[in-house]
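Note sheet for the following structure.
The values are calculated or read from the model by the stated rules, or taken from the named source; none is laboratory data. Just so it is clear, the model here is predicted, and its values are computed rather than measured. Please note: Cβ atoms are built from the backbone with ideal geometry, for glycine as well, and neighbour counts cover all protein chains shown. Heads up: the accessible areas ignore ligands, DNA and RNA and are worked out on the full protein's heavy atoms, side chains in. Shrake-Rupley method; radii C 1.70, N 1.55, O 1.52, S 1.80 Å.
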Amino acid sequence: MKEFDIIVVGGGHAGIEAAIAAAKMGCSVGMVTMDKHAIGRMSCNPAIGGSAKGHLVHEIDALGGVMGLIADKTGIQFRTLNKSKGPAVWAGRCQSDRKLYSEEAERVVSSTQNLEIVEDSVLEAIEENKKIVGVRTGKGEEIKCKALIVCSGTFLNGLMHTGLSSTKGGRFGESPATGLTESLVKMGFVSGRLKTGTPPRLLKNSINWNILEEQPGNENPEPFSLRTPIYEFPYLPQVSCHITYTDPIVHKILEKGFDRSPLFTGLISGVGPRYCPSIEDKVVRFADKERHQLFLEPEGLDSDLIYLNGFSSSLPAEIQFEALRKIKGLEKAEMVRHGYAVEYDYFPPYQIDLTLETKLIEGLYFAGQINGTSGYEEAAGQGIIAGINAALNIQRRPEFILKRNQAYIGVLIDDLVGKSTNEPYRMFTSRAEHRLLLRQDNADRRLMKYGFEFELISKETYHELKEREILIISSKQYLRKRKIQPGQINSFLESNNLSIIDNTETIEKIVKRPELSLRTVLEQSNGYDETILKLLNNEKALQQVEIEIKYEGYIRRQEELVAKIEKIEKIQIPLNFDYTNLKAISTEGREKLNKIKPRSIGQASRISGVTPSDLSVLLVYLKS
Amino acid sequence: MHFEDDTIVALATPFGVGAISVIRVSGEKSIETIDKIFIGKIKLEHCRSHTIHYGKILDSSNELIDDVLVSIFISPHSYTGEDSVEISSHGSVLIVEKIIKVIVENGARLAEPGEFTKRAFLNGRIDLAQAEAVADVINSRNEASFRGARNQLNGLLSQRVNFLRESLINISSMIELELDFAEEDLEFVSLPQVLEKLYSIENEIDELLDSYSFGRIIKDGINVALVGKPNVGKSSLLNYLLKEKRAIVSEIPGTTRDIIREEVAINGILFTLYDTAGMRTTHDEIEKEGVSRSVETVKNADVVVFLNDALTGFTEDLYQQLKSITEEKRIINVLNKIDLVTDSNIPSDVKISAKTGEGIDELFDKLKEKALGTGNYSEKTAIVTNIRHFNSLKKAKEFIENARESIKERLTGEFIAVDLRNAEDTLGEIIGRVTTDDILNNIFIKFCIGK
């Protein structure tokens, strides 16, 4: 009989990170996937990153994950969103070559030591005494394991809808995963149903490109990964996206199909994401809006396909086709594949712990869409945490939990566990109360120490970070004292129509002026010394120093808040703590606490329905 | 959620009863906090545990609130197990409130019900049986305040605060929209419009803050100082009320030997009358103390009844002295003993006879009018009566001011959002809302998102 330390079910974005992290940490890992060429396949849009999602990719990278590296290798357009705003909300986004992304992902997975790809499906999880011991597969095999990480994406009892007809499957042309939900429900888990959708794919050369608005990438693209060699980047030729709009005529045609919409006729029971509604949903809910923006995204350099972002639909195929032919630039468009909605099982995430281990069965972990999230990045972020924790658990090492003030990944998991979710959960920067501290630019300084500790980050990379950190800290101290004379900078200020300085000022003070960059000021200050030269030659350190000087006041205030909250976060609650008899706690508070079983007073304080006086009472009982 | 080791303050003795009140302060920074407002022989931080010190407590404009005795307890040898300070002041409701207010202004916060005992337990100073009793206390007090929240006054306040919080969430949504959905085809926020909205929210908070003094009056009554030269009829007036109105609630011993204090409820409003001693300059030590008490009473009074004798005329020098201590608009000129004259041209607002009772009802109407104003407030107005709510509103206002500052400095949305969120949380504390998903929910409802 086959045996692994850890079995990972699924080769999607969560599965990849989970399997690679655990294997690199020294566990033998089996990745069970129905088709090894489907590893890393992008089910929906061919893009990585975006607002808050870019942050997640940087964090995964700092922990030693692979998503950033693969995205860098296979990206065909890179942009930084929100560049006109402050650094906390700058977010990287790339268009990926869908085929190359999947190929690169498969290559990375297959070349990882300790990691074996098993082409099969998992029908049943096997437990003994509330502890995972193995799985039974579709090919009738039994495989033993000490830990099982389920990353099933949209495949658990997947059902695809177009118009009134539905097909079983987790993704176009692929079978669903059956049996596993039922086996988990038998163990005592509660399952739910969610829905998501994908838009039609169009034939590239059937589109009238000349009349469409072009959206090119950044002139100087920036990679996601710190480990991507900058001189080789970007690896691939860069292409543009295009923008077009629907109009009232298009909306009228769509309306003709509403009587055959699985969404409106109640055929779909799963809850869909409100931030990513189908086109028919937009037309109904925002009836006064005359147009909706659509993005035409290339699926790849060699691909004939164009992804029509913003036009996700489960209306009958002929309605989709008729409507899109009325859209500017798409008058002669060929629809290669119609849009569809997919419903799938998930397990409301109050059933997992902050390590992503289930509360019910030891050694069983859930990551990705099974926990109710949507998005590749959200999945990958959970994958790496589940992989690390499964390995730590087997090696009897202390668990690894990221806090809300440390990472978006921490916010994501804390939200899932503490609030659960009944619609697909997507990350937004506004979910992070410590947003000013959780920036892309400092993801390495926040998290790489963990990646190094788990040997997912090499000594060299970590050493580079340490060097950079020393440079950042010493430069900040130095610039606080280093003076600049009016004579050194005033001619520059005058020629740029900026107000001049009357007295000698420290560099720190003058850099606080919003219109001046640190580089400019350093270049004006006579007599480069060693620190300044070093800083001018290290773009990443320079950027950090600049941000920390310019936004010092705000950053300090958030840090103070974090320090205050830290105290209640530290007060632990035992996992088996029974709230039933604590009559002094409000009834609602008691129910919620019993269901979610928070790990700390901090986590308890974020549960809606738990009042401050409930927490006071809880503190008293915890002490006894 | 409060943090468990911040500094808390509360009155430890029963409210409004007794010659001496004890105010208890506990927490890491309690000694440091009291040092900021206490003027004694030496700094308290240099004092040993279990020592008592005489000195003065000053308010934020460095004016004397009261002479007090301060006891120092250094961790772990205190009731709570933390550094603690106990302030023994004169037992006046006003003095106690002023002292607590200035302590809060210097960084402490008001203790929750049962909190001192809870801390005592958490620090191992009391045993489990006692602690469980505490849990019940926390709960029962909470129930009581919950019931309290159903009364109309609090209901209106909640509505108003909730409305302000929602207005802020709307503004936050517009700002967050731009940060999280930059790619969308949406009209983004206009900053001048946001500034204007913030400004109007701030004004509304100001109105609520202003209502606090009114709310306090409703809750605690109107403080009236009776002033006049000897034999002008102050005691007669008090005696008349005592006998004829039969409305005396209680007789509370004065804070000093020279002040007599009576409470009388007329038409549902509680008046606390303070009979002051003389106010002239003197060298007699005991009398001096009396004079300074009188001055203090006049300063703290919502209304000052300035009594004149219809037979002997208007005491101009005393009137001038009064005006130097309190605002002129707080003073009511009352002419007493009108039963003894046929006509009088002595200036007055009300003419009474403490002997026959003539004009007394009119006097109380005037008192009410002076204290409450002529009535922007009605039963339909939201009124702040609780100092915790008052403090939260003040903090919220500061956050909104910060946000406006950030806009003026042309900082981008994520910086503005920090203070807006703090303001929303602070208002949320008043009405017990803690959810953080409100902004996103609002965005999903109002805007068409979805690339």
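Tabulated data for the structure shown
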quantity	calculated
Counted residues, region A:300-333 - those being of a type in the set (Asp, Glu) and more than 20 Å from A:THR74 (Cα to Cα)	3
In region A:424-433, residue nearest to the other protein chains (Cβ to nearest Cβ) [restricted to those that are open to solvent by less than 50 Å² (accessible area, probe 1.4 Å) and assigned to a loop (DSSP other than H, G, I, E, B)]	A:PHE428
Scan of region A:434-447 for residues that are more than 7 Å from chain B (Cβ to nearest Cβ) and not in a helix (DSSP H, G or I), ordered by number	A:HIS434, A:LEU437, A:LEU438, A:ARG439, A:GLN440, A:ASP441, A:ASN442
The lone exception for A:ASP414 - which of (1) open to solvent by less than 10 Å² (accessible area, probe 1.4 Å); (2) within 12 Å of chain B (Cβ to nearest Cβ); (3) part of a helix (DSSP H, G or I) it fails	(1)
Listing of strands (runs of 3 or more DSSP E) fully contained in region A:167-278 that carry 1 or more residues being closer than 30 Å to A:GLN440 by Cβ and aliphatic (A, V, I, L, M)	A:192-198, A:241-245
Leading residue by the ranking (farthest from the other protein chains (Cβ to nearest Cβ)) among those in region A:589-621 that are buried (at least 20 other Cβ atoms within 10 Å of the Cβ) and in contact with a strand residue (DSSP E or B) (Cβ under 9 Å, 6 or more places away or on another chain)	A:ARG599
Boolean, A:GLY363 is in contact with a helix residue (DSSP H, G or I) (Cβ under 8 Å, 6 or more places away or on another chain), open to solvent by 10 Å² or more (accessible area, probe 1.4 Å) and not charged (D, E, K, R)	no
Number of the condition not met by A:GLY68 [criteria: (1) surrounded by fewer than 24 Cβ atoms within 10 Å (Cβ to Cβ); (2) assigned to a helix (DSSP H, G or I)]	(1)
Failed item, numbered, when A:LYS564 is tested on (1) open to solvent by 70 Å² or more (accessible area, probe 1.4 Å); (2) at the interface with chain B (Cβ under 10 Å from one of its Cβ atoms); (3) closer than 25 Å to A:THR421 by Cα	(3)
Selection count where residues are open to solvent by 10 Å² or more (accessible area, probe 1.4 Å), in a loop (DSSP other than H, G, I, E, B) and facing chain B (nearest Cβ under 10 Å), scope region A:289-308	2
Looking only at region A:71-87, and only at residues there that are among the small types (Gly, Ala, Ser) and within 14 Å of chain B (Cβ to nearest Cβ), the one that is surrounded by the fewest Cβ atoms within 10 Å (Cβ to Cβ)	A:SER84
Residue check for A:TYR450: within 14 Å of chain B (Cβ to nearest Cβ) and within 28 Å of the chain's Cα centre (by Cα)	no
Tabulated pairs, region B:383-395, first closer than 8 Å to B:TYR212 by Cβ, second at pLDDT 85 or above, C-beta under 6 angstrom, 6+ apart or interchain	B:VAL384/B:LEU208; B:VAL384/B:PHE390
Condition broken by A:ARG557, with the remaining ones in (1) out of contact with any helix residue (DSSP H, G or I) (no Cβ under 7 Å at 6 or more places or on another chain); (2) more than 10 Å from chain B (Cβ to nearest Cβ); (3) more than 24 Å from A:ILE413 (Cα to Cα) satisfied	(2)
